[in-house]
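Taken together, the values in this text are just the output of simple stated rules run on the coordinates, not laboratory data. Everything numeric here is computed off the predicted structure, so don't read it as measured data. Note: ideal-geometry Cβ built from the backbone for every residue, glycine included; neighbour counts use all protein chains shown.
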């Protein structure tokens, strides 16, 4: 699958990816799991560049979940070091990509927080694409925080519970600055959301592949986009309604 095979007028505006299979990729090769994560960082760089070249406006990567703290200490430490390593400004600058973070970064090591803050500041003016890293992120954590803010607004008389809308809730989520994902890709063979963007994926198209994340390349990314383009997004309407030309 090549870029020219894609319909440039029917690209997803927002692609989210659950990058799964780093550890299993390494285990198959008799390597420590950390080697899989290192290889996975290379894939992040390649897919970020591929998404930028295609004209994708938002790319959200599930980088570290709140549940990942339950992994062995050595693996968590290696992951934190790799997060800092992946904050290569050259990749973002070359592709005119702005960095944004969603998740509770306050629990992350200081060196990670510093690297994130620095890169966010240095890329804030870019508008070609926004790369969003979900770090220490949990969709349920996000919803609880949104609910707390809504309850606070209600207690202050700023919000009427009887007129509460889904837009009011979405405005309190950490993703309020971007549209919901059009396409979610998960590598590694699993077919679940794993506490990732639960609210935002209500009408997202899912694409699952058995390939482990370190093996996922630009041609695989293009194939996922092509699969998205072959689908009809109905949003509750019938196929006939959707296919009718707009006058």
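In nm, to one decimal, how far is the residue 49 label point from the residue 68 one, both placed 7 Å along Cα→Cβ?
Calculated label separation equals 2.2 nm.
I need the calculated FRET efficiency for the pair residue 143 and residue 106, taking r as the beta carbon distance and R₀ as 25 Å, to the nearest 0.05.
For R0 = 25 Å, the calculated efficiency reads 0.85.
Kindly rank 196-206, 58-68 from highest to lowest mean number of other beta carbons found within 10 Å of each residue.
In descending order of packing, they fall as 58-68, 196-206.
Between rounded, prolate and oblate, where does the chain land on the alpha carbon gyration tensor, with a ≥ b ≥ c its root eigenvalues, rounded for a/c under 1.5, else prolate if a/b exceeds b/c?
oblate
Could you work out the relative contact order of the chain, using alpha carbon pairs under 8 angstrom and six or more residues apart, expressed as a whole percent?
29 percent
Given axes a ≥ b ≥ c from the Cα gyration tensor, I'd like to know whether the stretch 100-247 is rounded (a/c under 1.5), prolate (a/b larger than b/c) or oblate.
Oblate, because a/c is 1.5 or more while a/b does not exceed b/c.
Semi-axes, largest first, in whole Å: what does sqrt of 5 times each Cα gyration tensor eigenvalue give for the stretch 126-197?
Equivalent ellipsoid semi-axes, largest first: 28, 16, 11 Å.
Using 0.36 nm times the number of residues separating residue 191 and residue 117, minus their current alpha carbon distance, what extension gain do you get?
The residue 191-residue 117 span can extend by a further 23.3 nm.
Once the stretch 175-222 is represented by equal point scatterers at the alpha-carbon sites, with solvent omitted, what log10 I(q)/I(0) does the Debye formula produce at q = 0.14, 0.17, 0.25 Å⁻¹?
-0.39, -0.56, -0.98
Compute a Gaussian network model of the chain, connecting alpha carbons closer than 10 Å, and tell me which residue from 163, 187, 106 fluctuates the most.
163
Using the Kirkwood radius built from alpha carbon pairs, what does the Stokes-Einstein equation give as D for the stretch 5-141 at 10 °C and 1.306 mPa s, in µm² per second?
So the translational diffusion coefficient is about 102 µm²/s.
For the stretch 66-167, just say rounded, prolate or oblate: build the C-alpha gyration tensor, square-root its eigenvalues into a ≥ b ≥ c, call rounded for a/c under 1.5, and beyond that prolate if a/b exceeds b/c, oblate if not.
oblate
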